[in-house]
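So the structure is just underneath, and the comments pick up after that.
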Amino acid sequence: MEKEKTNSVLGYRTAGSDAETATGEMLYKEMEQIGLKDVTKDRFTLDGWEFKKAVLKFTDEAGQTHEFQMGGYQTNFETDEFQDYELVYLGKGTAADYEGVNVKGRLVMVEINQRDEWWISFPVYQAYLRGAAALIAVQANGYGEIAETALNAQDIAGPDFAPAFSLSQADARVLKDALREKEFVTVSLDACSRVMPDVKASNIVGKIPGTETDSMILLSAHYDSYFDGFQDDNAAIAMMLGIARALVKGGYQPAHTIVFCAMAAEEWGVIDSKYDWSTGAYNQIFRVHPEWQGKVIADLNFELPAHAHNTRDAIRCTYEYADFIREFTESLTVPKEAYPDGITVLYPIETWSDDFSMAIAGIPSTVNDFSAGPFMQNYYHSQYDNQDVYQEPVYRFHHECYLKLIMELDRLVLPPMNFGNTMHAVAASVRDTASDCASGDQKELLTQLEAAEELGSQIYDWICRINGEYQSLTERSAKKAFREKWQPQGQKLLHIFRKTQDYLVRLNWQDEVMFPQEAAAWNIRQLEKARISLEKNDITDALKALYRVDNNMYAFLFDEEVYYHFTEYILHQPKDRLMWGAGRIMHHENLYGIVQKLKERMNEKEPELDEEIRRLEAALRRQRAYYRDDIRYLKQSVSRIYVMLEEIKGC
């Protein structure tokens, strides 16, 4: 898969690029060669990106010329061969770093930590607003820690007209040494990074037809990549097709149709959107094949599967599938050379990969967990994600594990959903976030949740019983008739699952999955801490608390326009640009003004803070109103879910 690339030196197989298209053609032919049926190229529209080159030259005072290969981001920047620029170094690239520095038309080099501090989009847009020609980001920590020569790439989550590149620590050190006694150095840049609005890409799909039902089991992995992308996600595509080949070669005749989908544009595919990744998967299930919703009983998504991310493996899934997956994992023998501490089950689904898009469409999804562990800090999205990080025992185990899981799923008549788990998690969340401002409604909600949890658990027992009856049948005709009898109930269960996703799944400003009331509850606690601190004239502790409210950390660090842009593009952008994040953030508390005012008053000996306290009290009133609304909304939602569960129980 590394054959096709947009950058002849570094790789990259990016959304809508010729390299991605050619790789899709190869996968199409591979699926046909394997013997999959109904192989298709499912086309959709997205924003594309081709990154051909970014080479920086610098001649030091000793006359030595250095040539640096740089990584790219999804932004526009093209030169006519090498072009000279002045380059300055500005620390972390926050607003304060620009004080007294003219960067107009210059390259601005900064150091960032995207895991522990802020995303690349913020310093990039800050540089653009100050007139910089482009920003060059050096990973101080967080990603690319494996070597000082590591480059990094991520989704830009910002506008295409604010250019950015990636430079290694080793190469940056050469420039920083030259800048010790200078305001700037002169460099030459030859670059071609081109964003292409509204182009076409294709998800590649093949099937093994089912013999008993038109319901489906879906396997997915993505075929776009940064650099070589050996683990992310070449190995996953290879594993998915290896499983397909094993099933076809073994003559397996599934009850369900098994669908294999190589997704395009997982890494990025939408200009200037907070939710610019998982583009191919979102389009596949919401725009290309919306009829799959209600038919797919599970999506097994694969990411970085040939490397152990911890000493214990994990399958991450939805709350509803946790019991089924846990029972499945207990039947596995996990090789010690792959995972010394065995395997566990994690939930809920996170936003890191395509399984989130699938889940919110009403498709219960799983992924081999990869989001924690040293691989992410060291190799992820760098040129060091190559075949050197291949671990065969891990890869072999994942082949066997997920092949067995497919066959377990194929033995089911009803999707194995325990909605009791979901209701239990919501109840635990409500207890953790309880507020005096909604005590009566909270009590009623917890009573509802207790009843819904019990009912959900009863229905799961019933589901297991029905599935057990099916598995005791031996005649194919009897199995098919039994499945047809219960198929309407299976569709109803998937419908309820979709509604729980609609009603209960929200995001915070850091893309973490949460329940509807959690964001307001968190903000209330932070605002109360800030108010108490101000009453004690402790501005420092007040600011620490305000830093943790919504996205207000950026109010401390960047110009108001930066803060405004990356707030408004979530709250007031068309849903089709927000994709899987649309409507998942409900509220926002804008604290930019009070943060600036408190920062100004830090040096006053005895500040009068009555006005600031009143402003925080107003913010608290808003957040408490949001919280009360969220609790009432949850009461209505849980009531609706309970009614749907009762209808299932009555079948």
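Only one of the numbered conditions (1) within 30 Å of Ala62 (Cα to Cα); (2) in a strand (DSSP E or B); (3) out of contact with any Leu (no Cβ under 6 Å at 6 or more places or on another chain) is not met by Ser220, and that is (1).
Look through the stretch 276-305, keep the residues that are in a loop (DSSP other than H, G, I, E, B) and not charged (D, E, K, R), and return whichever of them is surrounded by the fewest Cβ atoms within 10 Å (Cβ to Cβ). Ranking the candidates gives Gln293 first.
A single entry from Ile594, Ile585 fulfils the requirement of being within 29 Å of Ala127 (Cβ to Cβ), in contact with a strand residue (DSSP E or B) (Cβ under 6 Å, 6 or more places away or on another chain) and either free of Cβ contacts under 8 Å to residues at least 24 places away in the same chain or outside the structural domain of Ser353 (by TED's automatic domain parsing) (or both): Ile585.
Among the residues examined, Leu151 does not qualify as out of contact with any Asp or Glu (no Cβ under 8 Å at 6 or more places or on another chain), of a type in the set (A, V, I, L, M) and without any contact (Cβ under 8 Å) to a residue 60 or more places away in the chain.
Report yes if Gln487 is part of a helix (DSSP H, G or I), polar (S, T, N, Q) and over 18 Å from Tyr627 (Cα atoms), otherwise no. The answer is yes for Gln487. Scanning the stretch 182-239 for residues that are surrounded by fewer than 24 Cβ atoms within 10 Å (Cβ to Cβ), of a type in the set (D, E, K, R) and either assigned by TED's automatic domain parsing to the domain that holds His289 or touching a strand residue (DSSP E or B) at 6+ places or on another chain (Cβ under 7 Å) (or both) yields a count of 9. In the condition set (1) under 30 Å from Val334 (Cα atoms); (2) not in a helix (DSSP H, G or I), Tyr470 is compliant with all but (2).
Inside the stretch 122-161, residues that are part of a loop (DSSP other than H, G, I, E, B) and either in contact with a Gly (Cβ under 9 Å, 6 or more places away or on another chain) or more than 22 Å from Gly100 (Cα to Cα) (or both) make up a count of 25.
On the stretch given as the stretch 375-400, residues that are more than 15 Å from Asn234 (Cβ to Cβ) and either part of a loop (DSSP other than H, G, I, E, B) or without any contact (Cβ under 8 Å) to a residue 12 or more places away in the chain (or both) total 1. Of the candidates Asp42, Asp38, the single residue that is assigned by TED's automatic domain parsing to the domain that holds Glu25 and on the phi > 0 side of the Ramachandran plot is Asp38.
Table: residues versus (1) among the basic types (Lys, Arg); (2) surrounded by fewer than 15 Cβ atoms within 10 Å (Cβ to Cβ); (3) under 21 Å from the mean Cα position of the chain (by Cα).
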| position | (1), (2), (3) |
| --- | --- |
| Glu535 | no, yes, no |
| Asp538 | no, yes, no |
| Ala542 | no, no, no |
| Tyr547 | no, no, no |
| Tyr554 | no, no, yes |
| Asp559 | no, no, no |
| Val562 | no, no, no |
| Asp576 | no, yes, yes |
| Trp580 | no, no, yes |
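In the stretch 80-94, the count of residues that are crowded, with 22+ Cβ neighbours inside 10 Å and basic (Lys, Arg) is zero. Do the conditions hold for Thr474, that is, is it free of Cβ contacts under 8 Å to residues at least 40 places away in the same chain and under 23 Å from Leu247 (Cβ atoms)? Here the answer is yes, as Thr474 does meet what is asked. Gly63 fulfils the conditions (1) in a strand (DSSP E or B); (2) modelled with pLDDT under 95 except for a single criterion, (1).
Selection of the stretch 401-434 for residues being of a type outside the set (S, T, N, Q) and outside any helix (DSSP H, G or I) yields Arg411, Leu412, Val413, Leu414, Pro415, Pro416, Met417, Ala434.
Exactly one residue out of Ala150, Ala134 is closer than 21 Å to Val9 by Cα and buried (at least 21 other Cβ atoms within 10 Å of the Cβ), and it is Ala150.
The values are calculated or read from the model by the stated rules, or taken from the named source; none is laboratory data. Given the structure is predicted, the values throughout are model-derived calculations rather than measurements. Backbone-built Cβ (ideal geometry, glycine too); neighbour counts: all protein chains shown.
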